[in-house]
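Data block below; observations after.
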Amino acid sequence: MQKIIESKPHPEQGYRACLGIIRLAKRYGKDRVEAASLRALATGAVRYKSVKSILETGLDKTPVEEQMALSASIYHENVRGSDYYR
């Protein structure tokens, strides 16, 4: 909630998104919303739509570290690293 409010120029603009996330707890449960929020923070996607999408797809049920490790371990000879673009 804090990241959503901080991302807006005026804190009042983030209130509706925060209330929407609170309402998601009625449908999905507090634990799932908390897990989805942690995943959203880890990926930098701190919006209501992102949290809702995580819940709808069930990504909140998989550990964040496991998912992040899979996406970070992609290696192929044709994949250029950040050094290439300097």
Assign one of three labels to region 2-77, namely rounded, prolate or oblate, based on the Cα gyration tensor with a ≥ b ≥ c the square roots of its eigenvalues; rounded applies when a/c is under 1.5, prolate when it is not and a/b is larger than b/c, and oblate otherwise.
-> oblate
Quick one: dipole size for the chain, taken about the Cα centre, charges +1 on Lys/Arg Cβ and -1 on Asp/Glu Cβ, in debye to the nearest 20.
-> 500
How far is helix 15-28 tilted, in degrees, relative to the longest principal axis of the Cα atoms in the chain, given as a value from 0 to 90 rounded to the nearest 10?
-> 90
Over region 2-77, what relative contact order in percent results from Cα pairs under 8 Å that are six or more residues apart?
-> 25
With each run of n ≥ 4 DSSP H residues scored as -39500 (n - 2.57), what mean residue ellipticity at 222 nm is computed for the chain after dividing by its residue count and rounding to the nearest 500 deg cm²/dmol?
-> -18500 deg cm²/dmol
Here region 29-44 yields Karplus 3J(HN,Hα) values (6.51, -1.76, 1.60; θ = phi - 60°; whole Hz; Gly and Pro given as x) of x, 5, 5, 5, 5, 5, 5, 5, 5, 5, 5, 4, 5, 5, 8, x
Listed residues Y84, P11, P63: farthest to the positive end of the dipole of the chain (Cβ charges) | P11
Farthest positive-ward along region 2-77 dipole, Cα basis, beta-carbon charges - from I22, V51, A35 | I22
By count of other Cβ within 10 Å, fewest leading, how are V33, V79, V46 ordered?
-> V79, V46, V33
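All of the numbers you see were taken from the coordinates with simple rules; none came from a lab. Since the structure is predicted, the reported quantities are computational estimates derived from the model, not experimental observations. All Cβ positions, glycine included, derive from the backbone under ideal geometry; neighbour counts span all protein chains shown.
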